[in-house]
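A.B. asks: First the structure, which I've put down as structure tokens, then a few questions once you've had a look.
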Amino acid sequence: MANKGFLLDTTVLIDFFRGRREVASLLEKLVEEAPLACCPVTVAEIFSGVRPEDLSRIEEFLEALQFCTIQYKTACRAGLYRRDYQKRGITLTISDTLIAAVAVENSLTLVTKNVRHFPMPELSVIEH
């Protein structure tokens, strides 16, 4: 299935908001290929740690991204990921399985610093 864009994990967004040049360069290259996206989990994680003085800047950036919702099928996939990996002795968080499911359901490539949190073979991942 063709890549329809790039889902930015919270780790990438944090590094971008902290001014990491390598991440800004990566995002500039990726946006030339396909849209950048976020999802409810990454938005919630970012806003849980946002400083008041950064709020409007971060909100403006996130609102400019494609926003992928979490549909019923996506939530089911996330739960099954967590269950199936737990049976293998691999503990994944609901947050990470939701992010992975959003990427898979929307044919997005996940951009993350924590590749080991996303072992799903059907998930396309770029490590920054």
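The values are calculated or read from the model by the stated rules, or taken from the named source; none is laboratory data. No experiment lies behind these values; they were computed from the predicted model shown. Because the Cβ atoms are built from the backbone with ideal geometry, glycine has one as well, and the counts that use them run over all protein chains shown.
A.B. asks: Quick test of your reading of the structure: residue 102 fulfils all but one of (1) under 23 Å from residue 23 (Cβ atoms); (2) out of contact with any Phe, Trp or Tyr (no Cβ under 7 Å at 6 or more places or on another chain); (3) outside any helix (DSSP H, G or I). Name the failing condition by number.
C.D. replies: Every condition holds for residue 102 apart from (3).
A.B. asks: Which condition does residue 122 not pass, out of (1) within 12 Å of the chain's Cα centre (by Cα); (2) in contact (Cβ under 8 Å) with a residue 12 or more places away in the chain, if it passes all the others?
C.D. replies: Unmet condition: (1).
A.B. asks: Tell me whether the range 37-54 contains one or more residues that are aromatic (Phe, Trp, Tyr) and under 22 Å from residue 115 (Cα atoms).
C.D. replies: No - not one qualifying residue is present in the range 37-54.
A.B. asks: Scanning the range 55-71 for residues that are surrounded by 14 or more Cβ atoms within 10 Å (Cβ to Cβ) and part of a helix (DSSP H, G or I), which turns out nearest to the chain's Cα centre (by Cα)?
C.D. replies: Result: 62.
A.B. asks: Inside the range 81-99, can you point out the residues that are within 18 Å of the chain's Cα centre (by Cα) and either free of Cβ contacts under 8 Å to residues at least 24 places away in the same chain or part of a helix (DSSP H, G or I) (or both)?
C.D. replies: Within the range 81-99, 81, 82, 94, 95, 96, 97, 98, 99 qualify.
A.B. asks: Condition test on residue 37, is it among the small types (Gly, Ala, Ser), touching a Leu at 6+ places or on another chain (Cβ under 9 Å) and in a helix (DSSP H, G or I)?
C.D. replies: Considered against the rule, which asks whether it is among the small types (Gly, Ala, Ser), touching a Leu at 6+ places or on another chain (Cβ under 9 Å) and in a helix (DSSP H, G or I), residue 37 comes out as no.
A.B. asks: Of (1) closer than 14 Å to residue 13 by Cβ; (2) in contact with a helix residue (DSSP H, G or I) (Cβ under 9 Å, 6 or more places away or on another chain), residue 60 satisfies all except one. Which?
C.D. replies: (2)
A.B. asks: Hey, another quick one. Within the range 89-97, does at least one residue satisfy the condition of being closer than 26 Å to residue 29 by Cα, at pLDDT 95 or above, surrounded by fewer than 16 Cβ atoms within 10 Å (Cβ to Cβ) and touching a helix residue (DSSP H, G or I) at 6+ places or on another chain (Cβ under 9 Å)?
C.D. replies: Checking the range 89-97: not a single residue is closer than 26 Å to residue 29 by Cα, at pLDDT 95 or above, surrounded by fewer than 16 Cβ atoms within 10 Å (Cβ to Cβ) and touching a helix residue (DSSP H, G or I) at 6+ places or on another chain (Cβ under 9 Å).
A.B. asks: Still on this structure, I have one more. Which residues, taken from the range 37-48, are surrounded by 11 or more Cβ atoms within 10 Å (Cβ to Cβ) and without any contact (Cβ under 8 Å) to a residue 60 or more places away in the chain?
C.D. replies: If the condition is that a residue be surrounded by 11 or more Cβ atoms within 10 Å (Cβ to Cβ) and without any contact (Cβ under 8 Å) to a residue 60 or more places away in the chain, then 38, 40, 42, 43, 44, 45, 46, 47 are the ones that fit.
A.B. asks: Could I ask something else about it? With respect to the numbered conditions (1) in contact (Cβ under 8 Å) with a residue 60 or more places away in the chain; (2) more than 11 Å from the chain's Cα centre (by Cα); (3) outside any loop (DSSP other than H, G, I, E, B), which one is the sole condition not fulfilled by residue 107?
C.D. replies: (3)
A.B. asks: Can we say residue 17 is more than 18 Å from residue 107 (Cα to Cα), crowded, with 18+ Cβ neighbours inside 10 Å, out of contact with any Pro (no Cβ under 7 Å at 6 or more places or on another chain) and aromatic (Phe, Trp, Tyr)?
C.D. replies: Taking the combined requirement at face value, the residue satisfies it.
A.B. asks: Here's a follow-up. Identify, by number, the condition in (1) at pLDDT below 95; (2) part of a helix (DSSP H, G or I) that residue 1 doesn't meet.
C.D. replies: Residue 1 satisfies every listed condition except (2).
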